[in-house]
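Read through the structure below, which is laid out as structure tokens, and then see the notes.
Derivation of every value follows stated rules applied to the coordinates shown; laboratory data play no part. Everything numeric in this text was worked out from a predicted model, so none of it was measured. Positions of Cβ are generated from backbone atoms using ideal geometry, with glycine treated the same way; all protein chains shown enter the neighbour counts.
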Amino acid sequence: MKRVVTLVLVVAVLGAAGWWLRERLAGPLTVALHVPTAEAKRQRLTVTLPVHGYLESADVTRVRFDPTSQPRGGGLTVMRRDGRMITFSGSLKIVELCENNAPVETGDLLFQLDTKDLIDQRDELAQSLADAQEALSKAEADAQVTVSQAESGVEEAQEALALAREQTQAEREKAAAQVNFTQGELQRVERELERDRRLAELNYIPGTDLRKTETAWREQKHTLEQQQLAQQNTEAQGAEKMQSAQTALELAQHEFDAARDRAASSVESAQIKLADTQASLDQANAQIAACRVVAPTAGFAVLDTTWQSGERRPWRVGDELRTGQAPVMIYDLEKMHVRCQIGEMDISRVHEGQEAFVLSPSQWGRRYGARVGAVEELAREAEIWSGGTPGKKVFGTLVDLEESDPAHLRPGMSVDVEIVLEDLKNVITVPIRAVFRREGGRVVYRKRGQDFEPVPVTTGSRSDLLMAVGGSIRPGDAVALTRPPASRVLTGGEGR
């Protein structure tokens with residue numbers, strides 16, 4: 001019986017010892033359970049809207065073959081020396097072409113077209129220009145001779161008119177002098193006749209002397225009448241001579257004017273032909289110069305595509321290029337924007353001018369400053385080929401980069417965009433995972449020694465990782481990132 005009692009006592013003692021040992025070992029294991037913590041901070045909290053998009057150049061230059069001197073409708077028309085018109089169709093073969101997807105500087109060659117036919121036409125026009133210059137020189141020389149001859153005719157007619165005027169005046173003066181002299185003699189004879197008549201009545205002179213005097217008077221009167229008639233004839237002849245000389249002068253002047261007009265017309269025609277030929281030559285030179293197309297600006301050269309032999313492919317050497325076609329596009333890598341889509345739920349929070357950041361897969365950790373440039377007013381269905389959800393309505397948005405990085409940011413690349421919705425300064429933040437639900441609200445577990453106390457908080461704006469909180473939590477407080485075990489919570493029960 002004693003043995004049984006002894007055995008029972010031994011078993012009891014061993015059981016008590018095991019229980020005590022288990023309790024002693026359980027305490028340290030619970031304390032050793034690790035609860036990760038983070039520090040509450042007073043800092044700036046930026047709330048962003050993450051979206052996905054792809055890069056585009058904000059300034060794309062399509063480089064066309066488009067000579068400014070080319071006439072409407074295309075083609076270059078020139079006249080050969082033989083008078084035959086030649087029209088160039090405006091289609092040229094590409095003989096040099098820049099590399100596709102390559103950086104270019106201003107002035108770099110983009111493409112060169114075959115100019116053999118244009119050079120032949122230019123040489124033809126150059127010879128036509130020399131002929132036109134020679135024709136103009138000949139027309140000017142002939143005009144000078146013709147006008148000079150006509151001018152000499154005018155001068156001779158003017159001299160003849162002056163001579164006729166002088167001769168007529170001299171003849172008029174001579175006839176007038178003779179008439180005046182004869183009139184004086186007639187008056188003298190009349191006085192003698194009057195005297196002889198008185199003397200004959202007094203019988204102081206014989207009748208024969210009176211008759212002689214009467215005969216002399218009649219002769220003198222007849223002479224006067226003849227001279228007056230001659231004076232009239234002289235006047236008439238002089239007027240006729242003057243009229244004839246004046247007519248000759250007018251004819252010479254008319255011939256001079258006509259010769260001058262003919263000369264001017266001939267010279268003008270030669271000048272017009274020369275100018276037309278020069279214009280055609282300038283046009284041909286412009287065409288030749290336009291066949292060498294260089295980059296108007298620095299950027300990233302990309303070859304456009306064209307239909308050739310039933311397939312769509314990039315332009316290449318040997319292709320025929322027509323006026324107005326643009327085989328090369330230059331993307332300005334210094335001016336980039338992101339084309340993205342904003343959903344209906346978020347569009348009210350996005351507006352033009354809003355700050356944003358762009359993140360590229362090629363530069364992990366690098367954030368490029370940006371700003372919302374434009375937001376569409378009308379919603380449209382999301383593009384499925386761009387990763388959109390069928391039936392979802394979105395608003396197209398452009399985000400302009402304020403930084404450039406041509407080495408890493410290229411058109412067509414996929415990027416992530418963070419549009420800044422709120423920028424809160426001097427707020428207390430904790431990690432989002434540090435905020436837990438409990439009855440009556442939300443709490444964070446602030447560390448007190450080896451234990452944690454639940455602290456009620458009010459929550460505010462949040463980013464992807466942080467949340468603004470209010471309450472008795474203070475900067476520097478360590479808060480649990482996972483719900484601590486109930487045995488380590490100082491007050492109250494665990495939240496649900």
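Rounded to the nearest 500, the 222 nm mean residue ellipticity of the chain from helices alone is -15500 deg cm²/dmol, with -39,500 (n - 2.57) taken per DSSP H run of at least 4 residues. Taking Rh as the Kirkwood radius computed over C-alpha pairs, what is the Stokes-Einstein D of segment 257-312 at 4 °C in a medium of viscosity 1.567 mPa s, expressed in µm² per second? Once the numbers are plugged in, D ends up at 80 µm²/s.
Net charge of the neighbourhood of L409, taken over other residues with C-beta under 15 Å away and scored Lys/Arg +1, Asp/Glu -1, is -4. Between N101 and D209, the simple spin-label model (points 7 angstrom out along Cα→Cβ) gives 15.0 nm.
Axis of helix 207-290 versus longest Cα principal axis of the chain: the two differ by about 20°, to the nearest ten degrees. Shown for I119, I272: other C-beta atoms within 10 Å of each C-beta, ranked fewest to most, produce the order I272, I119.
Treating the angle as unsigned and between 0 and 90°, give the value, to the nearest 10°, between the Cα long axis of helix 2-31 and the longest Cα principal axis of the chain. The answer is roughly 20 degrees. What's the FRET efficiency of A162 with E219 using the Cβ-Cβ distance as r and R₀ = 41 Å, to the nearest 0.05? E between A162 and E219, to the nearest 0.05, is 0.55. Projecting the Cα atoms of Q287, Q237, S266 onto the charge dipole of the chain (Cβ charges, centred on the Cα centre) puts Q287 farthest toward the positive pole.
Where does helix 116-201 land angle-wise versus the long Cα axis of the chain, in degrees 0 to 90, nearest 10? Once rounded, the angle reads 30 degrees.
Projecting label points 7 angstrom from Cα along Cα→Cβ for T297 and L33 puts them 6.5 nm apart. Full extension of the chain segment joining K138 with R197 gains 12.5 nm, where the gain is 0.36 nm per residue of separation less the Cα-Cα distance. Under 26 Å of direct C-alpha separation, and excluding same-chain neighbours fewer than eight residues apart, K212 reaches these lysines: K221. The simple Förster model, with R0 at 35 Å and r as the Cβ-Cβ distance, assigns F181 and M242 a FRET efficiency of 0.85. Under the criterion of Cα pairs below 8 Å and six or more residues apart, the relative contact order for segment 232-389 equals 12 percent.
The radius of gyration of the Cα set in segment 139-246, together with its Dmax, comes out at 25.9, 94 angstrom. Between E173 and S91, the simple spin-label model (points 7 angstrom out along Cα→Cβ) gives 9.0 nm. Stretching R349 away from I119 to a fully extended chain increases their span by 76.5 nm, per 0.36 nm per residue minus the current alpha-carbon distance.
What length, rounded to one decimal in nm, is gained on full extension from D276 through to S487, with 0.36 nm per residue of separation minus their alpha-carbon distance?
65.5 nm
Contact order for segment 331-427, expressed relative to its length and based on alpha carbon pairs under 8 Å spaced 6+ residues apart, stands at 40 percent.
Taking θ as phi - 60° and the Karplus parameters 6.51, -1.76 and 1.60, the scalar couplings of segment 52-62 work out to 10, x, 9, 6, 9, 7, 6, 9, 10, 9, 8 Hz in sequence order, x denoting glycine and proline.
Pairs over the 24 Å Cα-Cα cut-off, from the set K41/K447; K116/K138; K174/K241: K116/K138. If R0 equals 60 Å, the separation of the Cβ atoms of E311 and R462 corresponds to a calculated FRET efficiency of about 0.65. At a threshold of 8 angstrom on Cα-Cα distance, excluding pairs fewer than six apart, so keeping six or more, what relative contact order does the chain reach in percent? 27 percent. Computed over the chain, the alpha-carbon pair-distance distribution with 20 angstrom bins reads 13, 19, 16, 14, 11, 9, 7, 5, 3, 1, 1, 0, 0, each value a whole percent.
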